[in-house]
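First up is the structure itself, then whatever we jot down about it.
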Amino acid sequence: MKLITFSQGGSTRIGLLEGNEVVDLQAAAPNLPTEMVAFLEAGDPALDSARAALDSNSPRLALADVHLESPVLRPPKILAVGLNYADHVAEAGMETPKFPMIFNKQSTAAHGPYDPFHVPRASAVLDYEGELAYVIGKRCRHVPKERAAEVIAGYTICNDVSVRDWQLRVPTFTMGKSFDTHCPLGPAIVTSDEIPDPHSLDLRTWVNGEQRQSSNTKHLIFDCYTLVEHLSTAFTLEPGDVITTGTPGGVGAVMSPPKLLVDGDVVKIAIDGIGEIENPVIDEPAETIRIG
Ligand code: MG
């Protein structure tokens, strides 16, 4: 199943993506929660109800008539990994990490799969990072990697948008990785049963149609399951948490000369079996200034 969050007719709710159509779960399975974190917290019975709705002749909406949102509107946590592909470690001029280099993106950065993200007012040093991400489906702690697949609800695409000067001018990445709009996710959470091996997926990124990144998740240094074990050694993972696994080589900032993102660019990321996200880049609009 492809789990989505969408807006239509003045409300935002969850559904299922099937080709160019959307099963509206609020209509097809009215007993289910209408928000993704609550849906995931409801566990396997909720997934079974959704699957039954997909298999029935529930009415469909045209995909063109809805607006796709981040599949998890406000993830409890967004955790990311730096330097997790050898070619990206090399282009960054760094040493291969002995331990996963974990950092947070703030949950307020979560953004829709086709929505424009911002060149911030504070910096023009803006870059993309195409990444495989996954969404936690079960509250868990101390999960051995052999059992990690049990806690992963499904897989999605992340653009780990990065403000390079803010990322690198202090010892932690928190600010430079967390500007509003800088975590496009989607288009759907593809449930784990449809991704039998998350470590064999082609991943590609284009800017304005020019291919910038092309790799495969078999090259991950710390794979999805190892990351679940590592993270859950320290803290509880919860339904809706997003873990994004790092980017391969080909980011813009280290090109010679650098190819930074500017207003008017379009970034597309595709991963086998999941789909693609495509976000325009715009200058941060004036209305983001607000107090209260
Ligand atoms: Mg990254």
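The values are calculated or read from the model by the stated rules, or taken from the named source; none is laboratory data. Small disclaimer: the values here were computed from a predicted structure and weren't measured. A quick note on method: Cβ atoms are made from the backbone with ideal geometry, for glycine too, and the neighbour counts reach across all protein chains shown.
Which residue is nearest to the ligand (Cβ to nearest atom), if the candidates are limited to segment 125-184 and must be aromatic (Phe, Trp, Tyr) and crowded, with 24+ Cβ neighbours inside 10 Å? Spell out the reasoning first.
So in segment 125-184, the residues aromatic (Phe, Trp, Tyr) come out as 128, 134, 155, 166, 173, 179.
Narrowing further to those that are crowded, with 24+ Cβ neighbours inside 10 Å: 128, 134, 155, 179.
Numbers: 128: 10, 134: 14, 155: 16, 179: 14 Å.
Here the residue is 128.
Give the residues of segment 3-18 that are farther than 15 Å from residue 189 by Cβ and under 20 Å from the mean Cα position of the chain (by Cα), sorted by residue number.
7, 12
Before we move on, is residue 210 out of contact with any strand residue (DSSP E or B) (no Cβ under 9 Å at 6 or more places or on another chain), free of Cβ contacts under 8 Å to residues at least 24 places away in the same chain and assigned by TED's automatic domain parsing to the domain that holds residue 145?
Against the criterion (out of contact with any strand residue (DSSP E or B) (no Cβ under 9 Å at 6 or more places or on another chain), free of Cβ contacts under 8 Å to residues at least 24 places away in the same chain and assigned by TED's automatic domain parsing to the domain that holds residue 145), residue 210 qualifies.
Quick one: how many residues across segment 237-275 are surrounded by fewer than 16 Cβ atoms within 10 Å (Cβ to Cβ), under 27 Å from residue 220 (Cβ atoms) and either under 22 Å from the mean Cα position of the chain (by Cα) or not aliphatic (A, V, I, L, M) (or both)?
Looking only at that region, the number is 5.
Applying the selection to segment 71-121, what residues are part of a loop (DSSP other than H, G, I, E, B), of a type in the set (A, V, I, L, M) and either within 16 Å of the ligand (Cβ to nearest atom) or closer than 19 Å to residue 176 by Cα (or both)?
Within segment 71-121, 83, 92, 94 meet the criteria.
Within segment 185-208, take every residue that is of a type outside the set (A, V, I, L, M) and in contact with a Pro (Cβ under 9 Å, 6 or more places away or on another chain) and give me the one that is nearest to the ligand (Cβ to nearest atom).
205
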